[in-house]
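All remarks here apply to the structure that follows.
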Amino acid sequence: MIECCQRYIDWIHKAEWVIAGESKDTKTDQFSQRLPSLATDLHFECVLRFSPCLGLPRPMSFGWMRAWDQESHRHFWFKVSDARQTTDQSSEAAERSRRWTNVKFVLGLSKHTNSKFFLLRPSLTWDSDALPVTTWRVQELVSCGTRLGTRSDTDDARSINIQIEKAINQRLSNRAALDIPSPLSDLLGNVPCADLRRLFLTRCFMNFSGFKLTDLDGVCEFPAGLAVVEFKRKDMTSGNDAWEHIRISKNQSIIKQYKKLWEKLPQEANSRDDVRNAFRSDSDWRRLPGRGIGLDGSHLTTVRLCNEAGIKYHYVVWLHGKTQPQDLLDEHLQARHAQTLLLLTVNGDDDFDRTTFTNADDSGAWDKNVRYQLVIPEGRFERLELPLFPESAGT
């Protein structure tokens, strides 16, 4: 069992290893920027979300992702069926609750957004050289009144099945001979094998499927209705690189207006000064100092779609952006120090007041892509101080 778990840990690291030249944006061999967050995301799923202070429903569905399909001009939503947490297998009732949450999530979005939904059922075997080989059964979810049906014979389901199975297994084969470190081994060493398998398959789909995916950290149901939960470990923005556009109309979607304005700004930049100069050269932009938390474009789209469908968007921020996960978490994924959290139910356009950006200078990314974000002022969040070792399902 220990050897099996270590194999998953090694391949989770290989799945996060970026090989130079594998895509147009990768120039050097290195770990992806997402690697450290795998540990803190597991901390949220296995420990933090159970804290009574957060008030989150206990049954929570994981494994949801979204992508924009340019050909059909639709949002594609994917649910990896293997994405379950051993910490929440407590009862059949909890499993039924999750399934019913997923049904209502799909039905709500399908009525109010231009979307299609797909259930992914992956399986995994190991060949004689200990190379993982994945098989993906893709089913399109179709509404049948108040219930959902599945179809494997639709054109989209068949096409996606062929695309992702070929792409994922090719990328895994490319990594077979890698001899790389496993910096998260100590943090993942006590994670159940079933969850390591789930994490590995989910990261394979996220990184290698060919879709530009945005993940959802959790979907749950409060008494008042459905909610998406987004968890981030971040620093507060200082406001020195935050800008307001003076011609933004309060009578139109602020999110849509800013995303349109981003298209006119640099999409690649060698330094922060390149982006700053673009703001300074346009008199319609003015600097708007102040502390806040950013949310990037892909997540803003999720906010907008959820709002259109009447689904809440709960933003949970752990204020510890620059620290390595080994300094924050112990080998059981428990916090080493008291935690400062910011909580907000994002209601849409009214919560954002300016834009900011990150690029290669400060993110350590291997390309020159600029990521624009909208900023939520610090004052809109509820601040929560958690003492050392919050209550969890495992204690």
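Annotations
- Hull volume in cubic angstrom per residue (convex hull over the Cα atoms of the range 230-386): 125 Å³
- Amide hydrogen neighbours beyond the local backbone of residue 29, cut-off 5 Å, H modeled: 20
- Cross-link partners of residue 322 among lysines, defined as those whose alpha carbon lies under 21 angstrom from its own and excluding same-chain residues fewer than eight positions apart: 232, 234, 368.
- A dipole drawn for the chain from +1 and -1 charges on Cβ atoms has a positive end, and of 184, 299, 135 the residue lying farthest that way is 299.
- Of the trypsin sites (Lys or Arg not before Pro) found in the range 1-67, the ones in coil according to DSSP and having at most 16 other Cβ atoms within 10 Å of their Cβ are 24, 27, 34.
- Around residue 336: net Lys/Arg minus Asp/Glu count, Cβ-Cβ under 13 Å: -4
- Alpha carbon Rg of the chain, scaled by the compact-globule rule 2.2 N^0.38 Å: 0.98
- Computed from label points 7 Å out along Cα-Cβ, the spacing between residue 6 and residue 378 is 4.6 nm.
- Only Lys, Arg, Asp and Glu carry charge here, each on its Cβ (+1 for the first two, -1 for the last two); on that basis the chain has a dipole of about 1100 debye about its Cα centre.
- For residue 70 and residue 95, the difference between the fully extended length at 0.36 nm per residue and the C-alpha to C-alpha distance is 5.6 nm.
- Assigned charges on the beta-carbon of Lys, Arg, Asp, Glu; the range 230-386 dipole about Cα centre (debye): 420 debye
- Residue 179-residue 159 FRET efficiency (beta carbon distance; Förster radius 35 Å; 0.05 resolution): 0.45
- FRET E, pair residue 347, residue 249, Förster distance 25 Å, beta-carbon r, rounded to 0.05: 0.85
- Net charge of the neighbourhood of residue 304, taken over other residues with C-beta under 10 Å away and scored Lys/Arg +1, Asp/Glu -1, is 0.
- Residue 230 long-range amide H proximity, modeled H, under 5 Å: 314, 315, 316
- Dipole-positive endmost among 223, 209, 169 within the chain (Cβ charges, Cα centre): 223
- For 384, 201, 342, order by how many other beta-carbon atoms lie within 10 Å, fewest first: 384, 342, 201
- Phi angles of the range 129-146 translate, via the Karplus equation with coefficients 6.51, -1.76, 1.60 and θ = phi - 60°, into HN-Hα couplings of 9, 6, 8, x, 10, 9, 10, 10, 9, 9, 10, 7, 8, 10, 7, 10, x, 9 Hz per residue; Gly and Pro are given as x.
- Fluctuation leader among 293, 180, 168 - the chain, Gaussian network, Cα springs under 10 angstrom: 180
- Each label point was placed 7 Å from the Cα along the Cα-to-Cβ direction; for residue 291 and residue 170 their separation is 4.8 nm.
No value in this document is a laboratory result; all are computed from the given coordinates. What you see is a predicted model; the values in this text were computed from it and never measured. Cβ: placed from backbone, ideal geometry, glycine included. Neighbour counts: every protein chain shown.
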